[in-house]
Amino acid sequence: MNTEPEQGSHHDDSRRTFLKQSSLLTAMAFTPGPIVQAAAAQLDETVAAAFEKVPLKLEVNGVKHKLSVEPRTTLLDLLREQLHLTGTKKGCDYGQCGACTVHVDGQRINSCLTLAVMQEGRKITTIEGLANGDNLHPMQEAFVKHDGFQCGYCTPGQIMSAVACIREGHADSEGEIREFMSGNICRCGAYSNIVAAIQEVKNGGQKV
């Protein structure tokens, strides 16, 4: 039996394999080291993330959630990226601007400074959960009435802090309001209007 065709075919396959491997090695040799390292690091992070996720149960705006999150995920990122509640804004990401303010069990916090896994079993309220259906919360109405916002980026955090300010009993004077709202920065400078909105809600005796 003539085996020459088979030998030739085997030779061609081996040659193609050799050329592919040579091309790959050549490409890797000319690829900058940082790129190779970055690719390896990204792969490591992807694999690590799959193993590191932990279960988490919490209630957000009256809805109970069973989630799986990485231990390093902040509450802010969980709300925005997994639950798609983008009303809570990411400003400085260092707890200095207050744009990410939400309520946890009725207390205001900077969601960028707390890990999601720390909120196991707790009740979270974001700006999306403040209104009652189509009816705005009294503080939201007051902000609209007194033009308590311009660009609007800080407004969700301002409103959440304003509600907490009244609930905490720190809205008895303009000076007190300014002091206990000082953690919320308005780059547009609408502070006087924000104070007026808080004073109206406080003096109106409306439930917040």
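Quickly run through the stretch 128-148 and pick out the residues that are open to solvent by less than 20 Å² (accessible area, probe 1.4 Å), closer than 18 Å to GLN107 by Cβ and hydrophobic (A, V, I, L, M, F, W, C). Can you show your working first?
Going through the stretch 128-148, the residues open to solvent by less than 20 Å² (accessible area, probe 1.4 Å) turn out to be 137, 139, 142-143, 148.
Restricting the remaining residues to those that are closer than 18 Å to GLN107 by Cβ gives 137, 139.
Scanning the stretch 128-148 gives a single hit, MET139.
If you go through the stretch 47-63, how many residues are open to solvent by 70 Å² or more (accessible area, probe 1.4 Å), out of contact with any strand residue (DSSP E or B) (no Cβ under 7 Å at 6 or more places or on another chain) and not aromatic (Phe, Trp, Tyr)? Write out each step before concluding.
From the stretch 47-63, those open to solvent by 70 Å² or more (accessible area, probe 1.4 Å) are 47, 50-53, 55, 57, 63; that's our starting set.
Filter once more, keeping what is out of contact with any strand residue (DSSP E or B) (no Cβ under 7 Å at 6 or more places or on another chain): 47, 50-52, 63.
When the remaining residues are screened for being not aromatic (Phe, Trp, Tyr), the result is 47, 50, 52, 63.
Within the stretch 47-63, residues that are open to solvent by 70 Å² or more (accessible area, probe 1.4 Å), out of contact with any strand residue (DSSP E or B) (no Cβ under 7 Å at 6 or more places or on another chain) and not aromatic (Phe, Trp, Tyr) number 4.
Kindly provide the set of residues from the stretch 68-88 that are out of contact with any helix residue (DSSP H, G or I) (no Cβ under 6 Å at 6 or more places or on another chain), closer than 21 Å to THR155 by Cβ and either of a type in the set (Val, Ile, Thr) or not in a helix (DSSP H, G or I) (or both), ordered by number.
The answer is LEU83, HIS84.
Yes or no, residue by residue, for (1) within 26 Å of HIS65 (Cβ to Cβ); (2) part of a loop (DSSP other than H, G, I, E, B); (3) at pLDDT 95 or above:
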residue: CYS112; (1), (2), (3): yes, no, yes
residue: PHE143; (1), (2), (3): no, no, yes
residue: ILE177; (1), (2), (3): no, no, yes
residue: GLN199; (1), (2), (3): no, no, yes
residue: LYS207; (1), (2), (3): no, yes, no
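List pairs: first in the stretch 125-142 and at positive phi and among the basic types (Lys, Arg), second modelled with pLDDT of 95 or more and open to solvent by less than 30 Å² (accessible area, probe 1.4 Å), Cβ under 8 Å, 6+ apart or cross-chain?
Within 8 Å, no pair qualifies.
Does the stretch 182-200 include one or more residues that are of a type in the set (Asp, Glu), farther than 19 Å from THR88 by Cα and loosely packed, with under 13 Cβ neighbours inside 10 Å? Step through it out loud before you land on a result.
Taking the stretch 182-200 first, the residues of a type in the set (Asp, Glu) are 200.
Keeping just the survivors that are farther than 19 Å from THR88 by Cα gives 200.
With the extra rule that they be loosely packed, with under 13 Cβ neighbours inside 10 Å, the set shrinks to none.
No, the stretch 182-200 has no match at all.
Within the set of pairs 6+ apart or on separate chains, which have a first residue in the stretch 93-113 that is in contact (Cβ under 8 Å) with a residue 60 or more places away in the chain and on the phi > 0 side of the Ramachandran plot, a second that is assigned to a loop (DSSP other than H, G, I, E, B) and among the small types (Gly, Ala, Ser), and C-beta atoms under 7 Å apart?
The qualifying pairs are GLY98/GLY183.
Looking at the stretch 149-168, which of the residues that are outside any helix (DSSP H, G or I) and within 24 Å of the chain's Cα centre (by Cα) is surrounded by the most Cβ atoms within 10 Å (Cβ to Cβ)?
If we filter the stretch 149-168 for residues that are outside any helix (DSSP H, G or I), which is where we start, we get 149-154, 168.
Adding the requirement that they be within 24 Å of the chain's Cα centre (by Cα) leaves 149-154.
Working: PHE149: 20, GLN150: 14, CYS151: 10, GLY152: 13, TYR153: 17, CYS154: 24.
Among those residues, the one meeting the criterion is CYS154.
The values are calculated or read from the model by the stated rules, or taken from the named source; none is laboratory data. None of the values given here were measured: they were computed from a predicted structure. Here the Cβ is made from the backbone with ideal geometry for all residues, glycine too, and neighbour counts use every protein chain on show. Side chains are part of the model used for accessible areas, which takes the heavy atoms of the whole protein and leaves out ligands, DNA and RNA. Shrake-Rupley method; radii C 1.70, N 1.55, O 1.52, S 1.80 Å.
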